[in-house]
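Data first, discussion second: the structure below is written as structure tokens.
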Amino acid sequence: MIPAVRSRRAFAFGLILLLVAALGWWWTGAGADEPAVPAERSLIVQRQPFVATLAFAGKVAPGEAVSITAPFDGAVRAIDFTYGARVAAGDTLLVLDTQEIAATRNQAEAAWLKAHQPADDIANWSRGPEVAAARRRVRLAALELARLEREANESRRLLDKGLIPRNEHEGVEQQLMAQRMTAAAANDELADTMAQGSPAAARIAGLELDNARAALRRSETEIGQAVVRAPASGVLVAPPASGAKLVEGPLHPGTRVTRGQLIGTVARDGGLSATFEVDESDVNTLAVGQPVIVTGAGFAGLALNGKVAAIAAPTEAATGPTRFLASARLDPLPADQAMRVRIGMSAAVAVITYQAPAAIVVPPEALIGSAPLARVKLRAGGRTIERQVTIGRVTPAGVEIRSGLRPGETVVWTDPTTPPQQGAN
């Protein structure tokens, strides 16, 4: 009996231990499955600056740039510059051959000399040889007409007296009629000759002379521009890779250039800009004059300030959304900072699209619902209430409250709860 009793006691004791272990496992496991109590946070509302920005990737570009173009058609004789190098105002960049422009200048001078003589003749037309000859012919015709009229009168008197035959008188009358026609023709010729020196004709001759003189001066000016110099101090930037009348390939002695061909641009000292592309979904948010802040890895530690200067037409894209090209004009930099910022460096452009110097701002987590029925929780007098608010701009850092809250009030919210993890030990 005694061994049986001991055996039953040992079995009961083991069973009790097993139940205690199971109860402990259940207690700890159930506690692990319960979600953590969310932490409550609060904020005393105060007015503070509020800024909304849009960020874009861009590049540093020339700001105030001066284009350098070929003054005339010709070949390059000498080159004394390198793209990307700094130049001073007045430095010699290249020299063009003047053989072709010299021939053009000679032709312009010949045209000017040819136009000069007719202009002088028209200016003194009434005293010129053509008018004088026409007047002499009129005078001679008038004298001859007067003589024939006297002869015809005498012939008629003699005919009436029967001293000459009728056919002799008729011959004199025919001569008189012919001379009258000659005199009339001489007067018409004089009138036509005088008309050649009219104010309209003088104006035409003067314009032709002015055109010839302008062409000659232009040719002489272009010959004087055969030595192309830097128009301003700054960095000489190569022309873009595409477009009309641009340099095709690197310049070297012997390369032909045409009038107006873009050789390069000089980015003035102290004048830089940033160019960046804007998606069509953001373009209506931007406006000329908005402040920008430009940073970049190449000039780490510097924040360049400026303003949006232009928003150009969209760039052509085969696929994808339409993108607009925008540029921002940067404020002048001190000399030590300007040396660190180089044209072509990549840049991060932050455009300030909205800013309020004294706004009421709450965290996005404190907002319940969405506009126009957005609400927040307030703690007042030991209890929590909800109040509807009007929201303004929304950023990841905060939400602008335009009405519904006053400075000094306490906004409360709870952090988002984390769902329990299954099978956690």
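The values are calculated or read from the model by the stated rules, or taken from the named source; none is laboratory data. Fair warning: this is a prediction, and the values are worked out from it, not measured in the lab. Cβ coordinates were reconstructed from backbone atoms using ideal geometry, including for glycine residues, and neighbour counts include every protein chain displayed. All accessible areas refer to the heavy atoms of the entire protein, side chains included, with ligands and DNA or RNA removed. Shrake-Rupley method; radii C 1.70, N 1.55, O 1.52, S 1.80 Å.
Its Cα centre serving as origin, segment 80-218 has a Cβ charge dipole (Lys and Arg +1, Asp and Glu -1) of approximately 440 debye. Packing order of peptides 350-360, 382-392, highest average first: 350-360, 382-392 (average count of other Cβ atoms within 10 Å over each peptide's residues). For segment 372-417, what % of the accessible area comes from carbon and sulfur atoms, probe 1.4 Å? Looking at segment 372-417 in its full context, I get 51 percent from C and S.
Since only P334, L373, M345 are under comparison, the one whose Cα sits farthest along the positive direction of the charge dipole of segment 283-415, derived from C-beta charges on Lys, Arg, Asp and Glu, is L373.
Over all pairs of different C-alpha atoms in segment 118-181, the reciprocal of the mean inverse distance, the Kirkwood hydrodynamic radius, equals 14.0 Å. Per-residue 3J(HN,Hα) values for segment 343-359, derived from phi via the Karplus relation 6.51 cos²θ - 1.76 cosθ + 1.60 with θ = phi - 60°, read 5, x, 5, 6, 8, 9, 10, 9, 9, 7, 8, 7, 8, 10, x, 9, 10 Hz in sequence order (x marks Gly and Pro).
Couplings 3J(HN,Hα) of segment 218-229, computed from phi: 5, 5, 5, 5, 5, 4, x, 9, 4, 8, 8, 10 Hz, in residue order, whole Hz [Karplus 6.51 cos²θ - 1.76 cosθ + 1.60, θ = phi - 60°; x for Gly and Pro].
Residue-wise HN-Hα couplings along segment 159-172, as the Karplus relation 6.51 cos²θ - 1.76 cosθ + 1.60 with θ = phi - 60° gives them from phi, are 5, 5, 8, x, 8, 10, x, 5, 5, 5, 5, 5, x, 5 Hz; Gly and Pro carry x.
The orientation-averaged shadow of the Cα convex hull for segment 71-165, equal to a quarter of the hull surface, comes to 12.6 nm².
Near Q225, no amide H atom lies under 5 Å from its own; only residues 5 or more places off or on other chains count, and H is placed 1.01 Å from N. Taking each residue as 0.36 nm, the span from L302 to N284 lengthens on full extension beyond its C-alpha to C-alpha distance by 3.6 nm.
Spin-label model, L113/I204: points 7 Å from Cα along the beta carbon direction are separated by 2.5 nm. Remark: segment 42-120 carries 55 Å² of accessible area per residue (probe radius 1.4 Å; ligands, DNA and RNA excluded).
Stretching the chain fully between A132 and A312 yields a gain of 58.0 nm (0.36 nm per residue, less the alpha carbon separation).
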